[in-house]
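Q: Shown below is the structure under consideration.
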Amino acid sequence: MADTSSSQSPLAGVGVTALLVAAARAIETSRPDALARDEYAEHFVRAAPAGAGWPVRLDQVPARAADPLWGRLARFFGLRTRAFDDFLLRRATEGCRQVVLLGAGLDTRAHRLPWPRGCRVFEIDQPEVLLFKEAVLRKRGAVARAERITVATDLRRQWADALTAAGFDPVRPTAWLAEGLLPYLPPAAEEELVRTVHAHSAPGSALAYEIKQGVDPVAARDYPVYAAARESIGLDLLAMFDARPRPDSLGDLRGRGWSAEVCTPFDLTRRYGRGLEPEPRDAVAANRWIFSVLPASGRPGTGAAR
């Protein structure tokens, strides 16, 4: 069992979940039918003591797709990555040359996606996550395919000033992404995040994010994915989620004029022709991916929507 304590790794708490997602992306990259590819992902896992012994290729998983953690959950993260990749690239192509990754974790979208000319990618996360990420990328000689700007701050607190100080322009249309972030935030922080995104979004902006719907932490504790994470790597994923009642962020956005599409992982499986099918006691069945857009009105870029 891997030791995920902060004494052994620069990544502690939620930062270890970023490492788990990196391992999943590495495994997905090794699949012949990969939904998403991240050639840097395995190097993050190998650089962190917390990831010692974790698989980074599908052939290192004895049960392959039947493994609830490294098979099924890894495929889920591959599917999620692809869905959000496509959303961001589509919005960038349609005019959002400013991209903000809220809780960027160890993803390397700035390096691995074919961004249109003139794109700026802001990565917001906790300082220790960004420092670890930067060290690994520098060692690999990674070159970003867009202008990449890191913003070290805590999304549970006021973060907009730090983003603006880093060069973010609220009068330009922006594509925002909160991938795997909101379930970890206190409800008040989620409400504030949605308000802040709206207040800094010009017409034509877009926001994609993930929520977990109707999770009973007691009933879900022995679901195969959560049990496997505890037993295999000593990570209690359920304990990291904020179990308090969640705000209606989707209703809030719609009330502010945003349109939104809500998808399950299984919707995206049908769209891509591969991914996940429902199973009994299925941890990923509670996940919803929200793809929202603030329609352009008047003259785009004349000011932030309020």
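Q: Restricting to region 128-139, name every residue that is of a type outside the set (A, V, I, L, M, F, W, C) and closer than 16 Å to residue 19 by Cβ.
A: Passing the criteria: 128, 133, 134.
Q: Scan region 134-154 and give yes if some residue there is under 16 Å from the mean Cα position of the chain (by Cα), hydroxyl-bearing (Ser, Thr, Tyr), on the phi < 0 side of the Ramachandran plot and modelled with pLDDT of 95 or more, otherwise no.
A: Yes, region 134-154 has at least one match.
Q: Moving to a separate point now. Of the conditions (1) surrounded by 20 or more Cβ atoms within 10 Å (Cβ to Cβ); (2) modelled with pLDDT of 95 or more, residue 235 clears all except one; give me its number.
A: It is condition (2) that residue 235 fails.
Q: As an exercise: evaluate residue 120 against (1) surrounded by 18 or more Cβ atoms within 10 Å (Cβ to Cβ); (2) closer than 30 Å to residue 43 by Cα; (3) in contact (Cβ under 8 Å) with a residue 60 or more places away in the chain; (4) not hydrophobic (A, V, I, L, M, F, W, C) and give the number of the one condition it does not meet.
A: All conditions are met except number (3).
Q: Looking only at region 257-280, which residues are outside any helix (DSSP H, G or I), crowded, with 17+ Cβ neighbours inside 10 Å, of a type outside the set (A, V, I, L, M, F, W, C) and in contact (Cβ under 8 Å) with a residue 40 or more places away in the chain?
A: Matches in region 257-280: 275 only.
Q: Residue 212 is checked against (1) touching a residue at least 40 places away in the same chain (Cβ under 8 Å); (2) surrounded by fewer than 17 Cβ atoms within 10 Å (Cβ to Cβ) and fails just one. What number does that condition carry?
A: In the conditions (1) touching a residue at least 40 places away in the same chain (Cβ under 8 Å); (2) surrounded by fewer than 17 Cβ atoms within 10 Å (Cβ to Cβ), residue 212 misses (2) alone.
Q: Taking region 147-165 as the search range and keeping residues that are touching a strand residue (DSSP E or B) at 6+ places or on another chain (Cβ under 8 Å) and not β-branched (Val, Ile, Thr), which one is nearest to residue 186 (Cα to Cα)?
A: 155
Q: Here's another thing I want to ask about it. Can you name every residue in region 123-146 that is closer than 21 Å to residue 186 by Cα and surrounded by fewer than 17 Cβ atoms within 10 Å (Cβ to Cβ)?
A: Selection gives 127, 128.
Q: Within region 138-159, how many residues are of a type in the set (A, V, I, L, M, F, W, C) and within 22 Å of residue 118 (Cα to Cα)?
A: 6
Q: Please find, among 49, 55, 68, the residue that is more than 30 Å from residue 200 (Cα to Cα), at pLDDT below 95 and out of contact with any strand residue (DSSP E or B) (no Cβ under 7 Å at 6 or more places or on another chain).
A: Within the list 49, 55, 68, the selection yields 49.
Q: Determine which member of the set 26, 74, 110 is surrounded by 24 or more Cβ atoms within 10 Å (Cβ to Cβ), of a type in the set (Gly, Ala, Ser), touching an Asp or Glu at 6+ places or on another chain (Cβ under 8 Å) and farther than 26 Å from residue 228 by Cβ.
A: 110
Q: Please work out which residue is surrounded by the most Cβ atoms within 10 Å (Cβ to Cβ), limiting yourself to region 166-189 and to residues that are assigned to a helix (DSSP H, G or I) and touching a strand residue (DSSP E or B) at 6+ places or on another chain (Cβ under 9 Å).
A: Step by step, filter region 166-189, then rank; the result is 182.
Q: Using the structure shown, decide if residue 149 is in contact with a helix residue (DSSP H, G or I) (Cβ under 8 Å, 6 or more places away or on another chain) and either assigned to a helix (DSSP H, G or I) or surrounded by 17 or more Cβ atoms within 10 Å (Cβ to Cβ) (or both).
A: no
Q: Has region 211-232 got any residue that is of a type in the set (S, T, N, Q) and outside any loop (DSSP other than H, G, I, E, B)?
A: Taking every residue of region 211-232 in turn, at least one turns out to be of a type in the set (S, T, N, Q) and outside any loop (DSSP other than H, G, I, E, B).
Matching residues to (1) over 21 Å from the mean Cα position of the chain (by Cα); (2) at pLDDT 95 or above; (3) on the phi < 0 side of the Ramachandran plot:
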site: 175; (1), (2), (3): no, yes, yes
site: 205; (1), (2), (3): no, yes, yes
site: 223; (1), (2), (3): yes, yes, yes
site: 242; (1), (2), (3): no, no, yes
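The values are calculated or read from the model by the stated rules, or taken from the named source; none is laboratory data. Predicted model only: the values in this text are computed from it and were never measured. All Cβ positions, even for glycine, are placed from backbone atoms using ideal geometry, and neighbour counts span all protein chains on display.
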